[in-house]
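The values are calculated or read from the model by the stated rules, or taken from the named source; none is laboratory data. All of these numbers come straight from a predicted model, not from anything done at the bench. Heads up, the Cβs are rebuilt from the backbone with ideal geometry, glycines too, and the neighbour counts pull from every protein chain shown. Heads up: the accessible areas ignore ligands, DNA and RNA and are worked out on the full protein's heavy atoms, side chains in. Shrake-Rupley method; radii C 1.70, N 1.55, O 1.52, S 1.80 Å.
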Amino acid sequence: SLEYITMSKDYKRKVQLSVLLMYEKGFVYKGKHAVYWCPYCHTAIAREETEDREEKGKLNYINFDIAGSGEKITIATTRPELLHACVAIAVNPNDERNKRYIGKKAVVPIFGKEVEIIGDEDVEMNFGTGAEMVCTFGDKEDLIMFHRHKLEEIKAVDEDGRLLNAGKYTGLSVEDARSAIISELKSNGILIKQEEILHTVKIHDRCEHPVELLSSEQWFMKTKEFAEKIKEQAEKIRWIPEFTKRYLLDWADYIDWDWVISRQRKFDTPLPFWSCEKCGYILPADKEKLPVDPRIEKAPIENCPRCGGKIVGESSTCDVWVDSSISPLVIAGWPENEELFKKAFPANIRIQGTEIIRSWAFYTIYRVWALTGNIPFKDLLIHGLVLGPDNRKMSKSFGNV
């Protein structure tokens, strides 16, 4: 009798209320950070929406001149299309082959700019030549080194998956730019060799297209600093089978950065904020007037009280797990029906699949703790999945059923 529909007007109201309450508590913030971006779907996505897929590729060995010395250092990369965004060459300071180059400058082929050769013990000495190109941003390792060594940021790829700030290659797709740059490197004798390898490519689980790491202004919920608290709450729940709890605990240990909750989509719960386009001042919606759609509704005030700039509505929507993660609260009458809430919360049982432990279970445990200080349900029953012939769950989107 207490069924719910997440896209109903009242459910959207409660989702927006939960976001505003977490904003007031300091869990929600807006910031510019590197996020996973799907050029095919044109939206930011959380790490939970990515999958690692092994693909055949080429490891390209490219010569960089050491500035003013006549020497060369060879790097190995699977992403030569990001040469224009190279901001450093990294070598392991324990690598006898390359450590003498630390502190010197290398000249980026084709683009001619000089970048510093830095020492970093995270560089794998046994991969390629032991020297790697640091770009903004090719992968998570690039991002780590960018922050650790306070490197320059160059916007490399736009939201459509096309090169930026790449001279004559600007506007080309990543795939076309890769082919064209490899061709130029070969013709100039800069590409030493290529090796066929199997390497890991991050893809969007919805569309199965490769994702990029882009610097983008988005909305986030703090999860990294609360990983231990989420694990504590998970331990209070009875997991059936018990071993499935390990999936969540491991996931909590693997958090690299906060949950990006904003999506550049049309159909989802709107984020209930306006902001100043000049100084970034945030204007939350009035809780008594929810649900709101700042994309089409005027702000309560026209000008920023801080700088006088124009107040504009937030155009992004909530990640679907922002909606789904308050379902135990909604079915228990939260926040108005206090009598029902005393009887029905926490819920007795959640039944769900293994593959969404890292999203539905994780975010529900986190959000309900942040909003109430309690666990969302007493028992968590994780059911198995029927697999297709490719050993993945049967799914129409996978085409394996």
When only C-alpha pairs under 8 Å and at least 6 residues apart count, what is the relative contact order of the range 1-144, in percent?
-> 19 percent
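Considering only protein heavy atoms, what per residue accessible area in square angstrom results for the chain with a 1.4 angstrom probe? Display every interim value, and only then the final one.
On the way: 19630 Å² over 401 residues.
Ligands and nucleic acids excluded, the figure is 49 Å² per residue.
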Estimate the FRET efficiency between Phe127 and Glu217 by the formula 1/(1 + (r/R0)^6), using the beta-carbon distance for r and 41 Å for R0, to the nearest 0.05.
-> 0.75
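At a temperature of 37 °C and a viscosity of 0.692 mPa s, determine how fast the range 298-401 diffuses translationally according to Stokes-Einstein, using the Kirkwood radius over alpha-carbon pairs as Rh; express D in µm²/s, rounded to the nearest whole number. Don't jump to the answer; show the numbers that get you there.
Values: Rh = 17.0 Å.
Result for D is 193 µm²/s.
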Nearest 5 is fine: what % of DSSP beta bridges in the chain come out antiparallel, could you say?
-> 80 percent
Mind telling me which of Cys86, Cys41, Cys304 comes out most flexible in a GNM of the chain, alpha-carbon contacts under 10 Å?
-> Cys304
Taking Cα centroids, how far is the range 163-215 from the range 290-321 in Å?
-> 38 Å
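Please give the contour-minus-distance gain from Lys25 to Leu2: 0.36 nm per residue of separation, less the Cα-Cα distance, rounded to one decimal in nm.
Working: separation 23, 0.36 × 23 = 8.28 nm, distance 2.90 nm.
Using 0.36 nm per residue and subtracting the Cα-Cα distance, I get 5.4 nm.
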By how many degrees, 0 to 90 and rounded to 10, does the Cα axis of helix 174-187 deviate from the longest principal axis of the chain?
-> 10 degrees
Round to the nearest 0.05 the FRET efficiency obtained for Lys56 and Glu225 when R0 = 41 Å and r is the Cβ-Cβ distance.
-> 0.55
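Please state the relative contact order of the chain as a whole percent: Cα pairs under 8 Å, 6+ residues apart?
Values: 762 pairs, mean separation 74.0, N = 401.
Relative CO of the chain lands at 18 percent.
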The range 130-142 - phi-based ³J(HN,Hα) in whole Hz, Karplus 6.51/-1.76/1.60, Gly and Pro as x | x, 10, 10, 8, 9, 10, 10, 10, x, 7, 5, 5, 4
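Give the Kirkwood hydrodynamic radius (Å, one decimal) of the range 64-181, defined as one over the mean of 1/r across all pairs of different Cα atoms.
Values: mean 1/r = 0.0694 Å⁻¹.
Kirkwood hydrodynamic radius for the range 64-181: 14.4 Å.
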Dividing the surface of the Cα convex hull of the range 166-216 by four yields a projected area in nm² of 5.5 nm²
For the chain, taking Cα atoms only, what is the radius of gyration to one decimal and the Dmax to the nearest whole Å?
-> 24.3, 80
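Before rounding to the nearest 500, sum -39500 (n - 2.57) across all DSSP H runs of length at least 4 in the chain and divide by the residue total; then give [θ] at 222 nm in deg cm²/dmol.
Details: 9 runs with 84 residues, N = 401.
One gets -6000 deg cm²/dmol as the mean residue ellipticity at 222 nm.
Residue separation times 0.36 nm, minus the C-alpha to C-alpha distance between Lys236 and Met394: what's the value?
On the way: separation 158, 0.36 × 158 = 56.88 nm, distance 3.18 nm.
Fully extending the segment from Lys236 to Met394 adds 53.7 nm.
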Beyond 18 Å, what share of the Cα-Cα pairs of the range 192-289 is found? Please give it as a whole percent.
-> 71 percent
Which distance in Å, rounded to a whole number, links the C-alpha centroids of the range 1-69 and the range 228-266?
-> 16 Å
Specify the angular offset, from 0 to 90 degrees and rounded to the nearest 10, of the alpha carbon long axis of helix 9-24 from the longest principal axis of the alpha carbons in the chain.
-> 60 degrees
Label-point separation, Lys378 to Lys140 (7 Å along Cα→Cβ), nm = 3.7 nm
Spin-label point model (7 Å from Cα, Cβ direction): what's the Val401 to Phe111 distance in nm?
-> 4.5 nm
Label model pair Lys193, Ser315: point-to-point distance (7 angstrom along the Cα→beta-carbon line) in nm is 4.9 nm
Round to a whole number: what % of the accessible area of the chain belongs to carbon and sulfur, probe 1.4 Å?
-> 49 percent
Kirkwood hydrodynamic radius (C-alpha pairs) into Stokes-Einstein, the range 131-278, 10 °C and 1.306 mPa s, D in µm²/s = 81 µm²/s
Rounded to the nearest Å, the spacing of the alpha-carbon centers of the range 355-401 and the range 108-143 is 37 Å
The helix 362-372 Cα axis meets the longest alpha-carbon principal axis of the chain at an angle in degrees, between 0 and 90 and rounded to 10, of 50 degrees
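Counting only other residues whose beta carbon sits under 13 Å from that of His33, what net charge do I get with K and R as +1, D and E as -1?
On the way: positive: Lys30, Lys32, Arg47, Lys140, Lys222, Lys224; negative: Glu153, Glu217, Asp256, Asp258.
Residues near His33 contribute +2 overall.
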